[in-house]
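Just below is one structure, and these are the notes that go with it.
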Amino acid sequence: MRIRTAGVIVAAAGLMLGVAACGGTNEPAATPSKDKGNGKLVLWTDPTRAPVLKPFAEAFGKENGVTVEVKEISENQQQTFITASQQGSGPDIMVGAHDWIGNMVQNGAIDPVQLTAEQKAAFHPNALKAVTFNGQVYGAPYAMENVALIRNTDLVPTAPATIEELVKVGKELKAAKKVQEILCVPFGAGGDVYHTYPLFSAAGGSLFGTTATGDPDPSKVTVNTPESIAALEKMKALGEKGDGAIKTSIGNENGIPTFVQKKCAFLISGPWSMNDVKKGGFNFDVTAVPGFAGGKPATPFLGVQAFYVAAKGKSKVLAQEFVANYVTNKDVALALYKADPRPAALTAAADQIKAEDPNAEKFIQAGANGIPMPAIPAMGAIWGPMANAEVAVVKGGDPKTAAEAAAKAILAEINK
């Protein structure tokens, strides 16, 4: 199945995106699956990936004699999928972030993906680790992402070694009226735990303790430990009553544009910003977010995008075939990268991308100290309360009070 499929994929990719083929094979073609389910395979994904996946899905459908529908879900993809699954109206395959896994497993919405040892070895270890939950692989990863420090090298030729150095350089540029902001980190009025986590972790903060196997332990919420309170103190010092490096006026809607317009020399963002940054017309570089002087390394969250097999799909055998043997092909990974430049999880694709686009490898290197975003259901209880705590301190509030309030709200949600 895989070999025959690969040829069709190459044709589809060549037609749609001009992606280079990965080369032929001398292995014989396999027989398409005899179990055609209800004769239809339904895949849900977001509007960015849908047009990329359609030619591959159509090729798979022709090979297997079934209809394949790719449906765009523009908002609340995870909850929409879970609700539909419970109502018996969900898809056969879902595409989404790895930190959905715990919640989807808890709700009985996805099945483990049957990957061979060879297939598992073909992925970046962090990508495979991210989609592994309770010892089972629940998704086929195709892309990885983490934030890094993107720097206008026309303004700052050398990467700052510490946050303190970054702030110093940013202040000097602002005083010289070369920029308007010290740092562009998406934060906004509601806070942004994801983009600021490298700063929080570098200052010693954490969200959960760990189990004996090193996994996040939801019974050990650590946002109000002395170390985490000290980290919030550092964020307060960077906030609106301090250096002014973190501001509620800079959010997802204007963080990248402000950097592209040369109004700040530093941007904390991910590979999804590259298409915009390249339009800025200036030289730039991508490096790891630095830590504080004498502190810990900054550890960004590592995110992975993956394909999942719906537990209540009507064509489960076909869905397993599509996820395990079809979309794990290098050409699919390359096509998805062309549409949305997040580093490929498949190492063969990542190696080819690295040769064509060094920024992809720079993001991977910037995430070398990162940790997979916890995929446990309790992670859902973190975002709101922790964002509220960070907003409070960025506005000048008391870190201990903010941390205790966050811990109380998180535990209340976890223990509901």
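The values are calculated or read from the model by the stated rules, or taken from the named source; none is laboratory data. From a predicted model like this one, the values you see are computed outputs, not experimental measurements. Here the Cβ positions follow ideal geometry from the backbone for every residue, glycine too, while neighbour counts run over all protein chains shown. Surface accessibility is based on the protein's heavy atoms, side chains included, excluding ligands, DNA and RNA. Shrake-Rupley method; radii C 1.70, N 1.55, O 1.52, S 1.80 Å.
Would you mind finding the one in L318, L334 that is touching a Ser or Thr at 6+ places or on another chain (Cβ under 8 Å), open to solvent by less than 10 Å² (accessible area, probe 1.4 Å) and not in a strand (DSSP E or B)?
Details: L334 fails: touching a Ser or Thr at 6+ places or on another chain (Cβ under 8 Å).
Result of the check over L318, L334: L318.
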Report, by residue number, each residue of segment 351-379 that is buried (at least 19 other Cβ atoms within 10 Å of the Cβ) and without any contact (Cβ under 8 Å) to a residue 12 or more places away in the chain. none
Restricting to segment 182-224, name every residue that is open to solvent by less than 30 Å² (accessible area, probe 1.4 Å), in a strand (DSSP E or B) and either touching a helix residue (DSSP H, G or I) at 6+ places or on another chain (Cβ under 7 Å) or of a type outside the set (G, A, S) (or both). C184, F208, D217, V221
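Please verify whether I382 is surrounded by fewer than 21 Cβ atoms within 10 Å (Cβ to Cβ) and either of a type in the set (A, V, I, L, M, F, W, C) or in contact with a strand residue (DSSP E or B) (Cβ under 6 Å, 6 or more places away or on another chain) (or both), treating the condition exactly as stated. Lay out the reasoning, then the answer.
Working: surrounded by fewer than 21 Cβ atoms within 10 Å (Cβ to Cβ): no; either of a type in the set (A, V, I, L, M, F, W, C) or in contact with a strand residue (DSSP E or B) (Cβ under 6 Å, 6 or more places away or on another chain) (or both): yes.
Taking the combined requirement at face value, the residue does not satisfy it.
Looking at this structure, is A348 within 23 Å of A202 (Cβ to Cβ), surrounded by fewer than 24 Cβ atoms within 10 Å (Cβ to Cβ), in contact (Cβ under 8 Å) with a residue 40 or more places away in the chain and of a type in the set (A, V, I, L, M, F, W, C)? Give the derivation first.
Values: within 23 Å of A202 (Cβ to Cβ): no; surrounded by fewer than 24 Cβ atoms within 10 Å (Cβ to Cβ): yes; in contact (Cβ under 8 Å) with a residue 40 or more places away in the chain: yes; of a type in the set (A, V, I, L, M, F, W, C): yes.
No.
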R342 fails exactly one of (1) part of a helix (DSSP H, G or I); (2) basic (K, R); (3) in contact with a Pro (Cβ under 6 Å, 6 or more places away or on another chain), namely (1)
So A117, is it of a type in the set (A, V, I, L, M) and either open to solvent by 20 Å² or more (accessible area, probe 1.4 Å) or in contact with a Pro (Cβ under 8 Å, 6 or more places away or on another chain) (or both): yes
Considering only residues of segment 246-276 that are in contact with a Cys (Cβ under 8 Å, 6 or more places away or on another chain), part of a helix (DSSP H, G or I) and not small (G, A, S), which is nearest to G170 (Cα to Cα)? F259
Tell me yes or no: at least one residue of segment 291-299 is open to solvent by 20 Å² or more (accessible area, probe 1.4 Å), within 16 Å of Y197 (Cβ to Cβ), polar (S, T, N, Q) and touching a helix residue (DSSP H, G or I) at 6+ places or on another chain (Cβ under 7 Å). yes
Being farther than 25 Å from G255 by Cα and touching a Gly at 6+ places or on another chain (Cβ under 6 Å) is the filter here, so list the residues in segment 173-225 that pass it. D217, K220, T222
Could you tell me whether F307 is surrounded by fewer than 21 Cβ atoms within 10 Å (Cβ to Cβ), modelled with pLDDT of 95 or more and of a type outside the set (S, T, N, Q)? no
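Out of N283, N325, report the one residue that is modelled with pLDDT of 95 or more, open to solvent by 20 Å² or more (accessible area, probe 1.4 Å) and more than 20 Å from the chain's Cα centre (by Cα). So that I can check it myself, show each step before the final result.
Values: N325 fails: modelled with pLDDT of 95 or more.
Just one listed residue meets the conditions, N283.
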